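J.: Shown below is the structure under consideration.
The values are calculated or read from the model by the stated rules, or taken from the named source; none is laboratory data. Keep in mind the model is a prediction, meaning the values are calculated, not measured. Please note: Cβ atoms are built from the backbone with ideal geometry, for glycine as well, and neighbour counts cover all protein chains shown. When the accessible area is computed, the model is the full protein with side chains, heavy atoms only, and any ligands, DNA or RNA have been set aside. Shrake-Rupley method; radii C 1.70, N 1.55, O 1.52, S 1.80 Å.
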Amino acid sequence: MKDLKTCRDEIDAIDQKLIALFEERMHICEDVIEYKMAHHMEIFQSGRETEVIEKNLKRVQDKKLAPYVRNFVLQNMNLSKRYQTTFLPGEIIDLKPAKEENLIVGYQGVPGSFSYEAMESYFGDRVAFKVNYPHFEDVFKALKAHEIDYGILPLENSTTGAINDNYDFINDYGFYIVGELSLSVSQNLLGIPGSTIDDIQTVYSHSQGLLQTSQFLAKHHIAKEPYPNTAMAASYVSHLNNKHIGAIASKKAAELYGLDVLASDIHNDKSNHTRFIVIGHNLESSKQASRISTVFTLRHEVGALYEVLQIIKDHQINMVRIESRPIQSSPWEYYFYLDFDGSLHDPNVVRTIDELRACTYTFRLIGNYERKIA
Ligand SMILES: O=C(O)C(=O)Cc1ccccc1
């Protein structure tokens, strides 16, 4: 048996050769990227990777080492891609909004809803026409049909989590997130004039309103009826004119639809916030933009997600959210939604995105936007 010192010396000699070869390989990669850019060729060709792996696997003499060789070749290719991205120009196209005033904005619900409040707060007097729709998807359809310039929709609540439908629609429709507003949400029990908490047996509200007040409703043994929107529920309850039926909605909705506030601020968590997003046709990015949203898919390979996170870490970027959603019609396959701090005006961020694009199966930059708080 060889002694340990001899083994270590032999490994060291091999490492020396490997490093020299690695350097040589990376230098050739520089020529490759230069050539591809000069000839306007696609930078990363996924079919080519499989070809390279297969070719190298055929060269393996000791077959039990094949899985390790596979991994070695793959890692080498990933490192090359990462190195090549540093040579990409990282240029930013014009990302100014197409229109800044006299906007036509779409939202779900009716005045008195949280979406309406978010729209008023985000756009102020820049809105010329406010167009309301009964369902979230109607806002996406309206944007697609160019009936509106922008849409505003809830995406996530601080206590109840993601509003999954809207996550899915952003991806399905291929729109961009161009702004964000975090709105403080106060939920209230509303009833027809003269009713009291003890009269109420059933409440109508948006499913988010019901979730956010679940503790209060359980304590008072009140049954829950989901409705498409909190303010639409308030309007419906007013129309029913039944003292046993209430709504969970805003105080503004009580005022607009002639209801009494029977109990105020009944949401479970006192710091209840909802994150609204503004969606548009184009990628926009102002100097104030500080958040990046992306969506990607991965190959079913060992370490695929790890590699994404490694890129984020290597670039010293602060990741703020990761969410996965099933891909319709592909069981057990997922879209990953990943948000991080940064601006497209920062070359380090542009490079990170290029690397992410290179190491994922599909990748889409969904937005780089400013975050406002109301
Ligand atoms: O129903 C509403 O008022 C909406 O805008 C959706 C919603 C519901 C509850 C909290 C935040 C947004």
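J.: For a quick protection proxy, order the peptides 139-148, 204-213 by their average other-Cβ count within 10 Å, most packed first.
T.: 204-213, 139-148
J.: Right, something else. Once label points are set 7 Å from the Cα along Cα→Cβ at both Tyr361 and Tyr68, what is their separation, rounded to one decimal in nm?
T.: That separation, rounded to one decimal, is 2.9 nm.
J.: For segment 188-263, what is one quarter of the convex hull surface built on the Cα atoms, given in nm²?
T.: If you wrap the Cα atoms of segment 188-263 in a convex hull and average its projections, you get 3.9 nm².
J.: Turning to a different aspect of this structure: With contacts defined as alpha carbon pairs under 8 Å and 6 or more residues apart, what's the relative contact order of the chain in percent?
T.: 18
J.: Now for a separate question. Given charges of +1 on the Cβ of Lys and Arg and -1 on the Cβ of Asp and Glu, with all other atoms neutral, how large is the dipole of the chain about its Cα centre, in debye to the nearest 20?
T.: That gives the chain a dipole magnitude of about 620 debye.
J.: Round to a whole angstrom and tell me the spacing of the C-alpha centers of segment 115-140 and segment 268-289.
T.: First find each Cα centre; the distance between them is then 13 Å.
J.: Now a separate question. Name the GluC sites (Glu not before Pro) in segment 232-313 that are in a loop by DSSP and that have at most 15 other C-beta atoms within 10 Å, would you?
T.: Glu301
J.: Using only DSSP helix segments of four residues or longer, with each worth -39500 (n - 2.57), what per-residue ellipticity at 222 nm results for the chain after dividing by its residue count and rounding to 500?
T.: -12500 deg cm²/dmol
J.: Shifting gears a bit: Report the calculated FRET efficiency for Gln61 and Asp3 (r = Cβ-Cβ distance, R0 = 22 Å), to the nearest 0.05.
T.: So, using R0 = 22 Å, E works out to roughly 0.25.
J.: Taking the chain as a Gaussian network, where each spring joins two C-alpha atoms under 10 Å apart, which residue of Phe114, Phe169, Phe136 fluctuates the most?
T.: With Cα springs under 10 Å in the chain, the top fluctuation among Phe114, Phe169, Phe136 is at Phe169.
J.: With axes computed from alpha carbons, what is the tilt in degrees of helix 304-314 against the longest principal axis of the chain, rounded to the nearest 10 within 0 to 90?
T.: Its long axis makes an angle of about 90 degrees.
J.: On to the next question. Could you state the angle between the C-alpha long axis of helix 164-173 and the longest principal axis of the C-alpha atoms of the chain, as a value from 0 to 90 degrees rounded to the nearest 10?
T.: Orientation of helix 164-173: about 60 degrees from the principal axis.
J.: Give me the net charge for the shell around Ala374: Cβ to Cβ below 10 angstrom, other residues only, Lys and Arg +1, Asp and Glu -1.
T.: In short, -1.
J.: Then there's this: Once Rh is set to the Kirkwood radius over Cα pairs, what Stokes-Einstein translational diffusion coefficient, in µm²/s, holds for segment 98-184 at a temperature of 10 °C and a viscosity of 1.306 mPa s?
T.: This corresponds to a translational diffusion coefficient of 120 µm²/s.
J.: Express the carbon and sulfur contribution to the solvent-accessible surface of segment 164-217 as a percent, rounded to the nearest whole number, probe 1.4 angstrom.
T.: Solvent-exposed carbon and sulfur of segment 164-217 make up 44 percent of the total.
J.: With all protein chains present and a 1.4 Å probe, how do Met119, Met319 order by accessible area, largest first?
T.: From most accessible down to least: Met319, Met119.
J.: In square nanometres, what is one fourth of the surface area of the convex hull spanned by the alpha carbons of segment 13-86?
T.: Average of the hull's projected areas for segment 13-86 equals 5.6 nm².
J.: Report D for the chain in µm² per second (integer): Stokes-Einstein, Kirkwood Rh on Cα pairs, 4 °C, 1.567 mPa s.
T.: D = 54 µm²/s.
J.: With a probe of 1.4 Å, find how much accessible area the chain has per residue, and write the answer as a whole number in Å².
T.: Accessible area per residue: 53 Å².
J.: State the answer as a single residue: which of Ser329, Gln310, Gln288 lies farthest towards the positive end of the charge dipole of segment 276-350, with beta carbon charges of +1 for Lys and Arg and -1 for Asp and Glu, about the Cα centre.
T.: Gln288
J.: Separation between the Gln328 and Leu79 pseudo-spin-labels, each 7 Å from Cα along Cα→Cβ, expressed in nm?
T.: 4.3
J.: Please check which bits of segment 332-374 a label hung off Arg25 would reach, taking the label as a point 7 Å along Cα-to-C-beta and the cut-off as backbone N under 19 Å.
T.: Backbone N within reach: 358-360.
J.: At most 13 other Cβ atoms within 10 Å and a DSSP loop assignment: could you name the trypsin sites (Lys or Arg not before Pro) in segment 285-323 that fit?
T.: Lys287, Arg299
J.: Where Lys and Arg each count +1 and Asp and Glu each count -1, what net charge lies around Phe169 among other residues with Cβ under 15 Å from its Cβ?
T.: -3
J.: Something else now. If R₀ is 45 angstrom, what is the calculated FRET efficiency for the pair His221 and Lys99, using the beta carbon separation as r and rounding to 0.05?
T.: 0.35
J.: How much length is gained on full extension from Glu301 to Asn348, taking 0.36 nm per residue of separation minus their Cα-Cα distance?
T.: Gain on extension, Glu301 to Asn348, equals 14.2 nm.
J.: How far, in nm, would the chain grow between His281 and Asp314 when pulled straight, counting 0.36 nm per residue and subtracting the alpha carbon separation?
T.: Result for the pair: 8.7 nm of gain on full extension.
J.: Assuming a strict under-24 Å limit between Cα atoms, what lysine pair count do you get for segment 13-86 once near-sequence pairs (fewer than 8 apart, same chain) are dropped?
T.: Counting lysine pairs in segment 13-86 gives 11.
J.: Could you look at segment 241-374 and say what percent of its accessible area is carbon and sulfur, using a 1.4 Å probe and all protein chains?
T.: Within segment 241-374, the accessible surface is 51 percent carbon and sulfur.
J.: Against the longest principal axis of the chain, how steep is helix 230-240, in degrees 0 to 90 to the nearest 10, with axes from Cα atoms?
T.: Approximately 30 degrees, to the nearest ten.
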